[in-house]
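The values are calculated or read from the model by the stated rules, or taken from the named source; none is laboratory data. Since we're looking at a predicted model, the values are computed, not measured. Cβ coordinates were reconstructed from backbone atoms using ideal geometry, including for glycine residues, and neighbour counts include every protein chain displayed. Ligands, DNA and RNA are stripped out before the accessible areas are found, and what is left, the full protein with its side chains, is counted by its heavy atoms. Shrake-Rupley method; radii C 1.70, N 1.55, O 1.52, S 1.80 Å.
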Amino acid sequence: MTSNQPTKLDATHFDAKARQWDDNPVFRERGQKLAQAIRETVPLHRHMSVLDYGCGTGLLSFPLKDELGAILLADSSAGMLDVVAEKIAAQGVTNMTPLKLDLLADPAPAQKFDLIVTSMTLHHVPDTDHILHLFHGLLQPGGYLCIADLDQEDGSFHGPEVDVLHGFDRADLSLRAAQAGFADVQFRTVFSIAKENAGGTRDYPVFLMTARRAGA
Ligand SMILES: C[S@@+](CC[C@H](N)C(=O)[O-])C[C@H]1O[C@@H](n2cnc3c(N)ncnc32)[C@H](O)[C@@H]1O
């Protein structure tokens, strides 16, 4: 019997995509543009400890690696992390470590971070409040959170067969971040993804939200 229920994109989906991920110029440009926006918003420095959550192949944090301290690249997809490990080895990078981690299922790392970045991952996490609380607990007081994701859309970005959040309403996400203990919540539009679907070509804006854990 076949089911018409939308399905989640689990780790095996991303495992299968990992080898070709960096071939996509849109993904590469998105990583570069988001990295530049983070540079312009957060005072980065070489002693900053960083978590890149849902790192994929590391397209967001590789461009920033020479401006930061230790970077933990965490993802639930072993295939993505294999590619990350190969890139680290090929480039002789000494401050990046891959880690298989799903914060919704695994214990959180004991370490606290100065900066958490996450790009295009939060719409795959069903409970936004829960992940915001986990991020808050993983940050040092005064630490920065940078979330890049889609603005709210009608579900056409992934299509009806995929069970993901349909982007984020900025006011709603801002409120949820404040309720989780974040201050100085700011948004900017950083990128736009053009996609062809049944209705023609559509642009899907990508925001960068920056916020700080209170108590610096
Ligand atoms: C759309 S990709 C984005 C990858 C990368 N951040 C980028 O911008 O190119 C989403 C990533 O989130 C990861 N992911 C999805 N759900 C996750 C979870 N619960 N915990 C950790 N990683 C997750 C996927 O394996 C995938 O690598």
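Could you let me know the centre-to-centre spacing of segment 1-78 and segment 151-197, using Cα atoms, in angstrom? If we compute the Cα centre of each part, the gap is 16 Å. One decimal place: the segment GLN32-VAL93 gains 20.2 nm when fully extended, by the rule 0.36 nm per residue minus the C-alpha distance. What do you get for trypsin sites (Lys or Arg not before Pro) in segment 1-90 restricted to DSSP loop and a cutoff of at most 14 other Cβ within 10 Å of the site's Cβ? Here the sparse-neighbourhood loop sites are LYS8, ARG46. Given contacts defined as C-alpha pairs under 8 Å and at least six residues apart, what's the relative contact order of segment 11-213, whole-number percent? Computed value for segment 11-213: 18 percent relative contact order. A helix-only calculation puts the chain at -9000 deg cm²/dmol for mean residue ellipticity at 222 nm, using -39500 (n - 2.57) for each DSSP H run of at least four residues, averaged over all residues. Summed over the residues of the chain and divided among them, the accessible surface reaches 48 Å² per residue at a probe radius of 1.4 Å. Just the protein heavy atoms count here, and of the accessible area of the chain at 1.4 Å, carbon and sulfur take up 52 percent. Taking N as the residue count of the chain, its C-alpha radius of gyration divided by 2.2 N^0.38 Å amounts to 0.98.
Can you compute the FRET efficiency between HIS133 and TYR204 using 1/(1 + (r/R0)^6), with r the Cβ-Cβ distance and R0 = 45 Å? Round to the nearest 0.05. With a Förster radius of 45 Å, E is 0.95.
Placing pseudo-labels 7 Å out from each Cα toward the beta carbon at HIS45 and VAL162 gives an inter-label distance of 4.0 nm. Note on segment 54-121: the C-alpha convex hull projects to 4.5 nm² when averaged across all orientations. Using Cβ point charges alone (K and R +1, D and E -1), the dipole size of segment 1-42 about the Cα centre works out to roughly 80 debye. Here the gap between LYS112 and LEU175, fully extended at 0.36 nm per residue and compared with their Cα-Cα distance, gives a gain of 20.3 nm.
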